[in-house]
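S.K.: First, the structure itself, so that you have it in front of you.
The values are calculated or read from the model by the stated rules, or taken from the named source; none is laboratory data. Because the structure is predicted, anything quoted here is derived from the model rather than measured. Every residue, glycine among them, receives a Cβ derived from its backbone with ideal geometry; neighbour counts consider all protein chains shown.
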Amino acid sequence: VLSAEEKALVVDLCGKISGHCDALGGEALDRLFASFGQTRTYFPHFDLSPGSADVKRHGGKVLSAIGEAAKHIDSMDQALSKLSDLHAYNLRVDPGNFQLLSHCIQTVLAAHFPADFTPQCQAAWDKFLAAVSAVLTSKYR
Ligand code: ZNH
């Protein structure tokens, strides 16, 4: 559970991310695909070369969804319900991969927002991304 202070840290940084979702999300995916090659297997239909239009577009979708989650941080179950269905019933992404992506997102935030991304802010983001991942994998069986 995130404290009120932690929620504020997440929402605050989301505000700075929101205009740059494609670039930052794309970079997170570039890092994911470079470091954790098995994650590439979910995207056989994409051009996965670093910085490709496919990667940026998809990274933008992922970070925008995370921004939406932050706007509904106290009701993420409802806010992410459709996305949760998609990941559980259609995509069937191995839940372990959510941790890897969360790690890459944090790396991108640290690189681009060094002043904001204090240890306390990272701890808040780690909790937040774990909560988002928990919702997206909650309907697996
Ligand atoms: Zn996911 C899709 C989000 C994780 C894989 N995704 C998607 C989308 C979104 C997302 C928003 C879009 C949808 C529509 O279109 O409707 N994800 C997300 C998030 C997360 C995730 C937020 C976390 C945090 N995913 C993930 C992972 C993986 C994935 C980890 C693996 C590795 N996704 C995916 C896929 C897809 C998606 C494959 C589909 C793509 C296309 O387009 O085809």
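S.K.: Which residue out of 85, 77, 12 is more than 15 Å from the chain's Cα centre (by Cα) and within 11 Å of the ligand (Cβ to nearest atom)?
M.R.: 85
S.K.: Follow-up. Being among the hydroxyl-bearing types (Ser, Thr, Tyr), within 17 Å of residue 17 (Cα to Cα) and touching a residue at least 12 places away in the same chain (Cβ under 8 Å): is that true of residue 102 here?
M.R.: So residue 102 fits the description; yes.
S.K.: Within segment 110-125, identify whether any single residue is closer than 28 Å to residue 1 by Cβ and either in contact with a Cys (Cβ under 6 Å, 6 or more places away or on another chain) or within 12 Å of the ligand (Cβ to nearest atom) (or both), and answer yes or no.
M.R.: Checked against the condition, which is being closer than 28 Å to residue 1 by Cβ and either in contact with a Cys (Cβ under 6 Å, 6 or more places away or on another chain) or within 12 Å of the ligand (Cβ to nearest atom) (or both), segment 110-125 yields at least one hit.
S.K.: Another question, if that's okay. If you scan segment 32-48, which residues turn out to be more than 18 Å from the chain's Cα centre (by Cα) and either modelled with pLDDT under 95 or surrounded by 11 or more Cβ atoms within 10 Å (Cβ to Cβ) (or both)?
M.R.: The one that is more than 18 Å from the chain's Cα centre (by Cα) and either modelled with pLDDT under 95 or surrounded by 11 or more Cβ atoms within 10 Å (Cβ to Cβ) (or both): 46.
S.K.: Of the residues 24, 91, which is touching a residue at least 24 places away in the same chain (Cβ under 8 Å) and either within 9 Å of the ligand (Cβ to nearest atom) or among the acidic types (Asp, Glu) (or both)?
M.R.: 91
S.K.: Given the options 99, 106, name the one that is over 15 Å from residue 12 (Cβ atoms), modelled with pLDDT of 95 or more and within 10 Å of the ligand (Cβ to nearest atom).
M.R.: Sole residue among the options that is over 15 Å from residue 12 (Cβ atoms), modelled with pLDDT of 95 or more and within 10 Å of the ligand (Cβ to nearest atom): 99.
S.K.: Which of (1) small (Gly, Ala, Ser); (2) within 11 Å of the ligand (Cβ to nearest atom); (3) exposed (fewer than 15 other Cβ atoms within 10 Å of the Cβ) does residue 51 not meet, given it meets every other one?
M.R.: All conditions are met except number (2).
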